[in-house]
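Colleague: Can you keep this structure in mind? I'll have questions shortly.
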Amino acid sequence: MPRIAEEIAVGCRPEEVFALVSDPESDPRWRSDVRSVERLSGEPSAPGTVYRQRVGALGGEATAVVEVAEVVPGRSITFAIREPVTARGGYEVEPVGAGALVRFWLELPSSGGLRRVADKAIAAAIARGARGDLARLKALLER
């Protein structure tokens with residue numbers, strides 16, 4: 001299973017950082033591909049809560065259904081992506097000096113044969129997007 005991981009240091013308190021990355025409804029503010037988010041069930045950012053996201057994909061739009069799988073308050077949130085693909089990912093926040101380190105990770109399902117080449121290209125594109133999103137997160141929080 002390909003695993004993507006990106007991180008960035010942010011000059012804000014970890015609590016501020018976690019409040020933003022653990023709130024899927026704030027994603028359109030800093031994630032470039034997220035157009036809108038709608039909570040379908042559950043309490044905000046609680047395990048079992050399901051969200052529908054409209055995301056930019058391959059020059060068009062797609063709908064993603066994401067469930068909050070696990071939350072360690074102030075520390076980490078894990079999501080299970082149900083549609084249009086199945087995957088797991090999340091954010092981890094830890095104190096570093098006077099700020100915080102934010103890690104994004106995503107595990108994609110594995111493919112076999114020639115599909116592995118495409119998987120690498122997709123993973124590289126997701127990693128580039130994640131780096132850009134983390135830079136936007138940093139800029140938003142450090143304003």
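Colleague: Report the net charge of residues surrounding V50, where surrounding means a beta-carbon distance below 13 angstrom and charges are Lys +1, Arg +1, Asp -1, Glu -1. List each step's numbers first, then the result.
Modeller: Details: positive: R39, R52, R82; negative: E25, E38, E43, E67, E83.
Net charge around V50: -2.
Colleague: Over all directions, how big on average is the projection of the convex hull of the alpha-carbon atoms in region 12-61, in square nanometres? Before the final figure, lay out each step's value.
Modeller: Values: hull surface 16.2 nm².
For the Cα atoms of region 12-61, the hull's average projected area reads 4.0 nm².
Colleague: Further question on the same structure: How far is helix 115-142 tilted, in degrees, relative to the longest principal axis of the Cα atoms in the chain, given as a value from 0 to 90 rounded to the nearest 10?
Modeller: It is inclined by approximately 20 degrees.
Colleague: OK, next. For region 29-39, in order, what is each residue's ³J(HN,Hα) by Karplus, 6.51 cos²θ - 1.76 cosθ + 1.60 with θ = phi - 60°, in whole Hz (x at glycine and Pro)?
Modeller: The phi angles translate into 6, 9, 9, 4, 8, 8, 8, 7, 9, 10, 7 Hz.
Colleague: Give the whole-number value, in cubic angstrom per residue, of the convex hull volume spanned by the C-alpha atoms of the chain.
Modeller: Looking at the chain, the number lands at 101 Å³ per residue.
Colleague: Also: Determine the sum of side-chain charges near A130: Lys and Arg each +1, Asp and Glu each -1, restricted to other residues whose C-beta is under 11 angstrom from that of A130.
Modeller: Every neighbour counted, the sum reads +1.
Colleague: For A57 and R82 in one chain, what is 0.36 nm times their gap in residues minus the Cα-Cα distance, to one decimal in nm? All intermediate terms of the calculation are to be shown ahead of the outcome.
Modeller: On the way: separation 25, 0.36 × 25 = 9.00 nm, distance 1.61 nm.
Extra length from A57 to R82 when fully extended: 7.4 nm.
Colleague: Using a 7 Å offset from Cα along Cα-Cβ at E43, what residues in region 54-86 end up with backbone N under 14 Å from the label point?
Modeller: Counting backbone N atoms under 14 Å from the label point, the list is 71-73.
Colleague: Take the alpha carbon atoms of region 1-32, find their center, do the same for region 33-99, and report the distance between the two centers in whole angstrom.
Modeller: Their Cα centres are 10 Å away from one another.
Read the figures in this text as sums done on the coordinates, not as results from a lab. On a predicted model such as this, the values are computed, not experimentally measured, just so you know. No Cβ is skipped: glycine too gets one built from the backbone with ideal geometry, and neighbour counts run over all protein chains shown.
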